[in-house]
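Below is one structure, written out as structure tokens; the observations come after it.
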Amino acid sequence: MLKVSAPDYILLSIISLIVISGIVILASVSAPLGQAKFGDSYYFLKHQLIFGFLPGLLLLLFFFNVKLASLKRKAPILFLIGLILMLAVFLPLIGLGQGGASRWLHIGPFSFQPSEFLKLSFILYLAGWLASRIQKREPNLTLALFLIIIGAIGLLLYLQPNISTLGIIVLTGFLMYFTAKTPLWHSLLMIVLGFAALYFLIQISSYRLDRFLVFQNQNTNLMGIGYQLSQAKIAIGSGGLSGVGLGMSSQKLGFLPQSIADSIFAVFSEETGFIGAFFLVLIFSIFFIRSIQIAKKTKDQFSQLAALGIACWIIIQTFVNIGAMIGLVPLTGVPLPFIGYGGSALIIELAAMGILLNISKQNQLRNS
């Protein structure tokens, strides 16, 4: 009997729904800004489709069809490329600094954020590395090497600086390490080290300290460092149950900073209300649950850890973004996956979905 290479259709459907929702939301939210800046209401949508969605879709199809064993062998090379690209942002001519941060590469007419590629390449590398280390049964050496890897990534992201991305990578790596049959005391030690590092990073930066203080007391400095959170809450509260209608947000008209990027959830909540916000949270939750189910069914350790890592990365980033908009976590500048404006992020997120669907396909083949 011929085995058909088909992915998990529930996962495929939910990914499609999230991506389509992102296109609709961006079209609604970005129209006034596009008209004001470029005289084209659909400028940002077209830019996202051409430089984000289309190349991302090609990568999704590529990774959906690649052999997972080959991907595991090439993961160290991809991770090395990711580290090199992270160093390249500090080079003159191609490194692009914005707002005191060096996070972008600028080559000709194209710009790219290497930290997005680093997220996925790190997950793939760590999945393969942990799968091989488990077999060697050297837990203490594994811990030491893991901390060295995290330390190297941490140094690069600290120098940019890009602490929010560092937090996502560290949390994702920790969850992958925790589930890789490692001693419990390793995880407890890393929790202590993580809180100590977080305290240190907050204390040495007045900007991060101010954000943390605003998080603690969200009714202070409303016209300063607390302005974005205050305006986000106004937007979300204005939406009520069913929202003011798609395209009808008033907060996106110059009141809410980063309305098409970091704050897009707040604008979407204003336009669609609690119903729309709940729907968005629901589909991301279903995505996470289905991804974990696929990871649990997977027999290959590399594929299992890779699926887990991708699912954790997306859901952590989603939680941090939405949590920041409603005051559950401090503002971090983390974009909402698949929804917020940014071609680099969308390309890599779609590539990751290709890998996840590929893993689900292998499960389907084994069960057929």
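Coordinate-derived values only; no laboratory data. Here the structure is a predicted model, which means the values were calculated and not measured. Here the Cβ is made from the backbone with ideal geometry for all residues, glycine too, and neighbour counts use every protein chain on show.
Let me know the shape class of segment 314-368, please: from the alpha-carbon gyration tensor, a ≥ b ≥ c as square roots of the eigenvalues, rounded when a/c is under 1.5, otherwise prolate if a/b is greater than b/c, or oblate.
It comes out oblate by the Cα gyration axes.
Under 18 Å from the 7 Å Cα→Cβ point of Ala144, by amide nitrogen: which residues of segment 164-185?
In segment 164-185, the label zone of Ala144 (backbone N under 18 Å from the point 7 Å along Cα→Cβ) covers 183, 185.
Can you tell me the FRET efficiency between Phe212 and Leu155 if r is taken as the Cβ-Cβ distance and R0 is 22 Å, rounded to the nearest 0.05? All intermediate terms of the calculation are to be shown ahead of the outcome.
Working: r = 22 Å, r/R0 = 1.00.
Approximately 0.50, to the nearest 0.05.
Helix 114-136 sits at what angle to the longest principal axis of the chain, using alpha carbons and giving 0 to 90 degrees rounded to 10?
30
Please report the relative contact order for the chain, taking Cα pairs under 8 Å with a sequence separation of at least 6, and give it as a percent rounded to a whole number. Let's see the in-between values first.
Numbers: 497 pairs, mean separation 107.7, N = 368.
29 percent.
Give the span of segment 127-261's Cα atoms along each principal axis, as three whole-Å numbers ordered largest to smallest.
Extents along the principal axes: 58, 35, 25 Å.
Would you mind getting me the FRET efficiency between Ala196 and Leu246? Use the beta-carbon distance for r and R0 = 56 Å, nearest 0.05. The partial results should precede the final answer.
Values: r = 46 Å, r/R0 = 0.81.
The computed FRET efficiency comes out at 0.80.
Cα centroid distance between segment 119-157 and segment 18-94, in Å?
26
Please say if segment 171-247 is rounded, prolate or oblate, where rounded means a/c under 1.5 for a ≥ b ≥ c the square roots of the C-alpha gyration tensor eigenvalues, and otherwise the choice is prolate for a/b larger than b/c and oblate otherwise?
Note, shape of segment 171-247 comes out oblate.
Rounded, prolate or oblate: which fits segment 71-204 when a ≥ b ≥ c are the square roots of the eigenvalues of the alpha-carbon gyration tensor, with rounded for a/c under 1.5 and prolate only if a/b beats b/c?
Here segment 71-204 falls in the oblate category.
Using label points projected 7 Å from each Cα along Cα→Cβ, tell me how many nm separate Leu78 and Phe38, to one decimal.
Output for this residue pair reads 3.0 nm.
Once label points are set 7 Å from the Cα along Cα→Cβ at both Ile292 and Ser16, what is their separation, rounded to one decimal in nm?
So the label points at Ile292 and Ser16 sit 2.6 nm apart.
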